[in-house]
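See below for the structure under consideration.
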């Protein structure tokens with residue numbers, strides 16, 4: 001909260017004024033700011049109880065992001081190798097990803113695309129989007145289109161409605177899926193795009209949330225509105241050190257999803273993007289956490305624990 005008016009915090013100086021970082025951190029974080037975008041929206045600021053608590057840790061930069069661990073690589077999901085056109089990723093025979101823009105309501109410090117995303121990033125023009133749609137129309141094997149980014153709900157209602165309508169009109173596309181942080185990061189925005197989300201075919205929305213406290217009253221209202229509009233809600237999370245790396249935290253997170261009409265879908269092993277080692281939880285520990293949930297949480301509440309295969313071969317279930 002700056003000068004009594006809620007604003008998105010977008011700089012080291014703003015984070016310092018808000019008390020989310022200390023003066024001793026400012027110099028290193030000013031350097032980091034040149035590499036990766038910063039944004040902490042008002043809805044997330046309101047959830048922070050202390051610097052680097054489980055909410056702040058996700059979005060407030062840290063000097064350790066300047067350190068690249070030996071196991072970390074750029075483009076850990078190998079999107080570039082599977083991108084036949086700008087903004088399009090075709091990794092699996094039956095589905096494609098479209099990245100219509102690279103803008104987010106907040107910038108997660110563990111994001112595997114964080115060197116690409118930013119407030120000025122990657123909006124596909126109509127001329128760029130046209131060949132992407134033609135590519136999908138020409139390939140009947142494509143049955144699902146996933147809108148990601150960036151965050152597709154940051155599109156204007158007009159652009160979002162136009163894109164969904166174009167996909168709806170492709171006979172062999174059975175359903176569309178949207179991956180988003182907006183319902184928990186900027187819940188008020190949801191109400192402005194509801195009309196754009198009305199489609200003739202099934203529309204699924206994978207909402208990214210990592211901690212039970214992200215389900216604020218405003219987020220609950222946004223999720224109710226989405227469900228009432230016919231959107232099928234899924235939950236996806238990343239296993240993160242210091243955020244949700246305990247049985248108690250994961251159980252609370254997945255119970256919160258179920259309460260808000262959301263099926264926990266994926267629990268992701270952290271992608272090894274540069275500068276994210278402070279969030280890393282070893283797979284063996286993750287397996288033990290998921291195993292401990294069984295018997296204390298309904299099967300409806302237990303997501304698939306998955307990781308990305310090297311070389312962009314796609315997701316693989318993490319099993320003993």
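Assorted remarks:
- A Cβ distance below 8 Å, combined with a sequence gap of six or more or placement on separate chains, defines the contacts here; from the range 74-87, residues that are not assigned by TED's automatic domain parsing to the domain that holds residue 307 and at pLDDT 90 or above reach no residue that is crowded, with 16+ Cβ neighbours inside 10 Å and in a loop (DSSP other than H, G, I, E, B).
Here is a yes/no grid of residues against (1) in the same structural domain as residue 303 (by TED's automatic domain parsing); (2) more than 20 Å from residue 108 (Cβ to Cβ); (3) part of a helix (DSSP H, G or I); (4) free of Cβ contacts under 8 Å to residues at least 24 places away in the same chain:
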residue: 222; (1), (2), (3), (4): yes, no, yes, no
residue: 230; (1), (2), (3), (4): yes, yes, no, no
residue: 234; (1), (2), (3), (4): yes, no, no, no
residue: 255; (1), (2), (3), (4): yes, yes, yes, no
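- Options 202, 183; residue that is buried (at least 22 other Cβ atoms within 10 Å of the Cβ) and touching a residue at least 24 places away in the same chain (Cβ under 8 Å): 183
- Taken as a whole, the structure places residue 101 among residues that are free of Cβ contacts under 8 Å to residues at least 60 places away in the same chain and crowded, with 19+ Cβ neighbours inside 10 Å.
- Residue selected from the range 143-154 under the condition assigned to a loop (DSSP other than H, G, I, E, B) and in contact with a strand residue (DSSP E or B) (Cβ under 9 Å, 6 or more places away or on another chain), by the criterion surrounded by the most Cβ atoms within 10 Å (Cβ to Cβ): 149
- Tally of residues being surrounded by 18 or more Cβ atoms within 10 Å (Cβ to Cβ) and assigned to a helix (DSSP H, G or I) across the range 257-283: 3
The values are calculated or read from the model by the stated rules, or taken from the named source; none is laboratory data. Computed from a predicted model, the values in this text were never measured in an experiment. Quick reminder, even Gly has a Cβ in these numbers, built from the backbone with ideal geometry, and neighbours come from all protein chains shown.
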